[in-house]
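The values are calculated or read from the model by the stated rules, or taken from the named source; none is laboratory data. The model shown is predicted, which means the values in this text are computed figures rather than measured ones. Here the Cβ is made from the backbone with ideal geometry for all residues, glycine too, and neighbour counts use every protein chain on show. When the accessible area is computed, the model is the full protein with side chains, heavy atoms only, and any ligands, DNA or RNA have been set aside. Shrake-Rupley method; radii C 1.70, N 1.55, O 1.52, S 1.80 Å.
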Amino acid sequence: MAPDSTRTTPPEQSAPAAQSPQRTGEDTGALALKILVAGGFGVGKTTLVGAVSEIRPLRTEEPLSEAGSGVDDTEGVARKTTTTVAMDFGRITIRSGLSLYLFGTPGQDRFWFLWDELSQGALGAVVLADTRRLGDCFPAVDYFEHRRIPFVVAVNCFPGARAFGAHDVARALDLDRGTPVVLCDARDKDSGKEVLVRLVEYAGRVHTARMLDSVGS
């Protein structure tokens with residue numbers, strides 16, 4: 001039986017400009033691609049960025065407070081004591097000449113206004129999902145679908161959580177056909193890197209197909 005939830009869509013904003021890969025200053029032959037890491041509150045975005053980053057990650061975490069208790073839904077993540085209030089940032093080299101700049105988005109509804117700025121120029125996105133709270137990733141799924149930003153869904157396999165296959169998760173999220181779903185452990189560098197490789201491959205195919213379509217039309 002697939003997990004069951006209902007979608008909630010972030011407020012509609014203007015679509016970001018098409019991504020444009022950048023050359024790094026250190027090596028004019030090196031390519032840097034911007035990737036977003038999104039998902040619900042407490043799903044593991046900060047953990048994933050920190051696990052794979054080859055530099056000390058930039059974090060904007062603040063302690064959870066009583067003032068936010070009425071708006072931050074901590075059900076299922078009662079032990080969480082901090083929250084990202086702007087973004088996480090890290091960098092990973094996938095292979096010689098190809099680096100990814102990782103931008104982790106804040107998970108709460110009250111920070112959705114930051115998403116449009118963070119998504120400018122992004123090649124694609126990773127949507128982290130927790131099968132115990134699958135509905136929390138619907139806003140990110142809807143956001144990237146509406147803006148035609150390629151994404152993969154990475155199911156963060158929390159200890160003790162009921163296991164679901166990729167097909168079950170894709171069906172429960174009502175994903176467009178072909179959208180990849182992968183299982184991962186956000187704490188593990190190799191697992192996180194595999195998610196990013198899958199995203200780069202998938203996003204590359206999507207952008208190439210769109211370019212060919214535009215030439216042929």
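Below are the figures for this structure:
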{"quantity": "Residues satisfying the stated conditions in the range 188-217, i.e. of a type in the set (S, T, N, Q) and either touching a Ser or Thr at 6+ places or on another chain (Cβ under 6 Å) or closer than 29 Å to Leu48 by Cα (or both)", "calculated": "Ser191, Thr208"}
{"quantity": "Residues (of a type in the set (Lys, Arg) and under 19 Å from Leu199 (Cα atoms)) located in the range 110-162", "calculated": "Arg147, Arg148"}
{"quantity": "Those residues of the range 186-217 which are under 14 Å from the mean Cα position of the chain (by Cα) and outside any helix (DSSP H, G or I), in sequence order", "calculated": "Ala186"}
{"quantity": "Matching strands (runs of 3 or more DSSP E) fully within the range 45-130 where at least 3 residues are at pLDDT 70 or above", "calculated": "88-95, 98-104, 124-129"}
{"quantity": "Residue satisfying condition, being open to solvent by 20 Å² or more (accessible area, probe 1.4 Å) and either at pLDDT 95 or above or within 12 Å of the chain's Cα centre (by Cα) (or both), within set Arg162, Arg171", "calculated": "Arg171"}
{"quantity": "Selection status of Thr208, of a type in the set (Val, Ile, Thr) and closer than 20 Å to Ser99 by Cα", "calculated": "yes"}
{"quantity": "Cross-chain or 6+ apart pairs with Cβ under 8 Å, the range 157-177 first and farther than 11 Å from Thr131 by Cβ, then hydroxyl-bearing (Ser, Thr, Tyr)", "calculated": "Ala170/Thr179"}
{"quantity": "Residues of the range 181-192 satisfying the condition of being surrounded by 18 or more Cβ atoms within 10 Å (Cβ to Cβ) and more than 16 Å from Asp130 (Cα to Cα)", "calculated": "none"}
